[in-house]
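Data block below; observations after.
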Amino acid sequence: MSQHNNSQGGQAQYSLFSTGPSGPTGEERQRVQQLTAELEHHNYLYHTLDKPEISDEQFDALFRELQTLEDRWPILRSPHSPTLRVGGKLVDGLAKKAHSLQMYGLDNVFSAEQWQDFADRIRRAWDADVNGPLPENFWCDPKLDGLALEIVYVDGTMQEALTRGDGEVGEVVTEAVRTIRTVPLRLAGPGPFPARLEVRGEVVMYKKDFAALNQKQESQGLNVFANPRNAAAGTLRQLDISIVASRPLRFLAYSLGEAQWSPAPACTLQSEVMARLGAYGFLTPPDGRLCHSAQAVEEYAQWVRGHRPEFRMEIDGAVAKLDNLEAQQALGFTARAPRFAVAFKFPAEQAQTLLQNIEIQVGRTGALTPVAVLEPIAVGGVMVSRATLHNEDEIRSRDVRVGDTVIVRRAGDVIPEVVGPVLEKRPVDAKEYVFPHNCPVCREPAYREEGEAAWRCENMSCPAIRLRAISHFVSKAGLDISGVGQKWIEQLVTSGRVQSPVDLFTLTVEELLGFERMGEVLAQKFVDALDKARHTATLPRLISALGIRHVGEQTARTLAAHFQNLDELEKADGEILQSLPDVGPEVASSIRNFFTSPANREQLERFKGLGLWPQGGGKSTPGGANGESAQGESPLPSGPLSGKTILFTGRLSMPRGQAEKLAEAAGATPLGSVSKKLQYLVAGEEAGSKLEKARALGVTVLDETEFMDMLREAKVVSE
Ligand code: IVH
């Protein structure tokens, strides 16, 4: 670091804390400015953009350094210091509203010693003369890694929901939050309910739901999320409520804002609050427990840490709160955090290693995805040698370069991720990464469309795309052909024998025996599996297997329900396609593009020639189908729901998934949101905004009994 032009001359060369009593050194002043700027930057990345570039520990180290300097020299603490504020800025686009009580953050401790210090601080701050002996019980629960939210209930009814925002003012996300299934729209139980209750908690996405969401995004050629927290945050701030509703968010309640208990009986302990929240119908953090001493809190934190991978959601620590609410009040808050609660943070599951190379993977839809090739390293007990770098912009914003030592993070079950470079260890000759503008496999030019994150290879005969396309064709999302493994597909494609899915069906046992390690039994199984698929493939499966961009399994089902076969689908123009549920301009044009490609049409002709030409449930005249009848696809049921679109809202007597299955069995297509394309809305108890919107659009609204009657008519359920 360079010498600074400070007024105290030589003093600056001493260590930070050996200055005289007169005032801060120039170096200290400069450091405070630098720390302030850095912390502000990271606050913004974390809170506003949901794209942190440094770990919590690194952030906390900077934060503590600034706090120490400001404590030593209060004159250096500006009114805008990051140590005086709680969160980040707000995103534009959502209405804002002040919280009635500030939503504080939590101070962190990272070790048993720091925890003991914190417990000592509580004891020192406690005025036993005034308050009597300190009740040392702590309510402890896991620290959920999601998005903090406050939901306001007036006389037991949900009124509004605010994000934490900057702690004082939050974004109004009421409608989005209403779609979260774990949020009670009315408090459960007989009442009486508090006149006003502000319930605080965390919106999270379970690890398995996150994995499924990303898989879906990827299969539709859409962007994937870096981790569940980003997915949850990105979803909640969506202005399009139907997208929020389609994503599996959950709200877990762990504390209160303002509480006007009367006429309900008041709670006096945090443990009572948790029990009451449970009784009111909230999900609460799993494995919460009352600890009777500081030592027990430490043991609890260790226990949670040891069981971290088993939690269904991402957690990054444990939280200890003094159980006695009166004692909480008496201790109060510092500028940014309560004095009565602390987060016991785990060291992040991250490590440093060498970035040996950046490779480009070509996906099924031609998307070029950069992958970090790493010197193998154990992160959270798992060896990691590759990690996704997402796309060109991510590489640029994280500024990672080949030869860098990088921080690699694994969050629970989630794919490993490169957080960023360790700049101090950057070799002098490390060059900025230039994203290739050609496909690394076929060398054809790649394209990046405006508004898209990914570069794409558009050459549909690119061997890499072919390989992915064929793998997709036989996968569960396609024809689901078991016995045709990835390794064999690779061999067959590399040899040139299989260039498109249709070639698979022309393979013979004799031919297969020519491949390495292929035996008689395996070869026969392979051919049999394909032959069976050829005869039993259904139209929705085949459409999904084709890998048309933006056409996943759900859209494939919709298309198959409306068209008799692929000839009919091919003839459909953009307007007809867009009249179908869940088909917008982008999906429609992607379908049109697929059918205009001569290579694709040739492939379809060959499918037809092979008898792989299933018939669907569409009502248009059958044609060009080899005269064959429907293969494996049962005819569409008749009855009032047949061919209709349907949506369920409010509380039903059965799980919503079951209602959807029954509706499908009666020939209806369940939709994700209310739109003009919706024909029936089944409204259960306490139906909210969807019902209002459906009424406004003139959609036919059914109650559950009417829906059941229709199922009976369709013979889906018996009398
Ligand atoms: S209690 C006054 N309990 O972590 C104490 N907070 O990093 C209120 N958080 O702002 C918070 N899990 O949003 C509490 N089990 C838990 C939590 C939790 C996650 C969040 C909370 C807080 C942030 C601080």
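Since every read-out is calculated from the coordinates, none of them should be taken as a lab result. Worth saying up front: this structure is predicted, and the values here are computed from it rather than measured. Here the Cβ is made from the backbone with ideal geometry for all residues, glycine too, and neighbour counts use every protein chain on show.
Summary table below
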item: Phi-based couplings in Hz for region 569-578 (Karplus 6.51, -1.76, 1.60; Gly and Pro marked x); result: 4, 4, 6, 5, 8, x, 5, 4, 4, 6
item: Ranked K676, K644, K661, K690, criterion: other C-beta atoms within 10 Å, fewest first; result: K676, K661, K644, K690
item: Shape parameters for region 56-204, alpha-carbon atoms, Rg then Dmax in Å; result: 19.0, 56
item: FRET efficiency, 1/(1 + (r/R0)^6) with R0 35 Å, evaluated for E706 and A95 via beta carbons; result: 0.45
item: When each of K208/K476; K96/K690; K216/K644 is checked by Cα-Cα distance, pairs over 20 Å; result: K96/K690; K216/K644
item: Angle between the chain longest axis and helix 656-665 axis [Cα atoms, degrees, rounded to 10]; result: 10 degrees
item: Span per principal axis, largest first, for the Cα atoms of region 453-568 (Å); result: 42, 36, 21
item: 14 Å Cα-Cα reach of K693 towards aspartates and glutamates, excluding residues that sit fewer than 8 places from it in its own chain; result: E175, D240
item: Disulfide-incompatible cysteines by the Cβ rule (no partner under 4.7 Å) in the chain; result: C140, C267, C291
item: Rounded Å value of the spacing that divides the Cα centres of region 145-206 and region 295-358; result: 23 Å
item: GluC sites (Glu not before Pro) within region 513-568, DSSP loop, no more than 15 other Cβ atoms inside 10 Å; result: E516
item: Neighbour cut-off at most 10 other Cβ (10 Å), DSSP loop, trypsin sites (Lys or Arg not before Pro), region 487-561; result: R517
item: Counting all C-alpha pairs of region 242-334, share separated by more than 17 Å (%); result: 61 percent
item: 0 to 90° range, to nearest 10: angle between helix 112-125 axis and the chain longest Cα axis; result: 50 degrees
item: Residue exposure sequence - V109, V509 - by fewest surrounding Cβ within 10 Å; result: V509, V109
item: C-alpha long axis of helix 207-219 to longest principal axis of the chain, angle in °; result: 50 degrees
item: Rg(Cα) / (2.2 N^0.38 Å) computed for region 174-305, rounded to two decimals; result: 1.25
item: Computed helical MRE - 222 nm, the chain, DSSP H runs ≥ 4 contributing -39500 (n - 2.57), nearest 500; result: -10000 deg cm²/dmol
item: Rg/Rh (Cα only; Kirkwood hydrodynamic radius) as it applies to region 397-534; result: 1.12
item: If the convex hull is drawn through the Cα atoms of the chain, its volume per residue in Å³; result: 199 Å³
item: Where Rh is the Kirkwood radius over Cα pairs, Rg/Rh for region 310-414; result: 1.18
